[in-house]
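Student: Please read through the structure below; I'll follow up with questions.
The values are calculated or read from the model by the stated rules, or taken from the named source; none is laboratory data. Remember, it's a predicted structure, so these values are computed and weren't measured experimentally. When we count neighbours, we look across all protein chains shown, and the Cβ atoms used for this are built from the backbone with ideal geometry, even at glycine. Ligands, DNA and RNA are stripped out before the accessible areas are found, and what is left, the full protein with its side chains, is counted by its heavy atoms. Shrake-Rupley method; radii C 1.70, N 1.55, O 1.52, S 1.80 Å.
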Amino acid sequence: MPHATHTAPPRSSRRLGRILLAGPGAIVVTLALLAGMPLWLPGGAAGIDNLAFPLVLAPLIWSGLFFHACLDRSIARVAFVAAALLLIHGGMVAQRLLVSPAAPKAVP
């Protein structure tokens, strides 16, 4: 006789956390990654690779975050990975926006 395993249904707070991390959380983190990737990707020969690659990779990034939130057993690990990606790329974008450009030099 096969041995059946009984799994308890997830608590509503864990389910809500997964839904928020898989839905709007994955979209927000993906957008932060899209905004931050041009800052560390090389420009390429035409100078647009750092802009084109994030757009092409956006569905892959989103699906990776979505499936990670749905399939990982530890909701804390999912939240940690999403928060780390959001803070790193969000911080790079914020730093880039807050740093004032150098003042132009006056030509005598």
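Student: For the range 56-68, does any single residue satisfy the condition of being part of a loop (DSSP other than H, G, I, E, B) and at pLDDT 85 or above? Walk me through how you get there before you give the answer.
Tutor: Let us first name the residues in the range 56-68 that are part of a loop (DSSP other than H, G, I, E, B), namely none.
Scanning the range 56-68, I find no residue that is part of a loop (DSSP other than H, G, I, E, B) and at pLDDT 85 or above, so the answer is no.
Table: residues versus (1) modelled with pLDDT of 95 or more; (2) touching a strand residue (DSSP E or B) at 6+ places or on another chain (Cβ under 7 Å); (3) outside any loop (DSSP other than H, G, I, E, B).
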residue: Pro54; (1), (2), (3): no, no, yes
residue: Phe80; (1), (2), (3): yes, no, yes
residue: Ala84; (1), (2), (3): yes, no, yes
residue: Gln95; (1), (2), (3): no, no, yes
residue: Val107; (1), (2), (3): no, no, no
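Student: In addition: Can you name every residue in the range 29-60 that is open to solvent by less than 80 Å² (accessible area, probe 1.4 Å) and under 11 Å from the mean Cα position of the chain (by Cα)?
Tutor: Pass one, the range 29-60, residues open to solvent by less than 80 Å² (accessible area, probe 1.4 Å): 29-30, 32-39, 41, 43-44, 47, 49-50, 52, 54, 57-58.
Within the range 29-60, Val29, Thr30, Ala32, Leu33, Leu34, Ala35, Gly36, Met37, Ala58 qualify.
Student: Take Gly91 and tell me if it is surrounded by fewer than 14 Cβ atoms within 10 Å (Cβ to Cβ) and either at pLDDT below 85 or touching a strand residue (DSSP E or B) at 6+ places or on another chain (Cβ under 7 Å) (or both). Walk me through it before giving the result.
Tutor: Details: surrounded by fewer than 14 Cβ atoms within 10 Å (Cβ to Cβ): yes; either at pLDDT below 85 or touching a strand residue (DSSP E or B) at 6+ places or on another chain (Cβ under 7 Å) (or both): no.
When the stated conditions are applied, Gly91 does not pass them.
Student: Which one of the conditions (1) within 16 Å of the chain's Cα centre (by Cα); (2) of a type outside the set (Asp, Glu); (3) open to solvent by 60 Å² or more (accessible area, probe 1.4 Å) does Arg96 fail to meet, given that it meets all the rest?
Tutor: Condition not satisfied by Arg96: (1).
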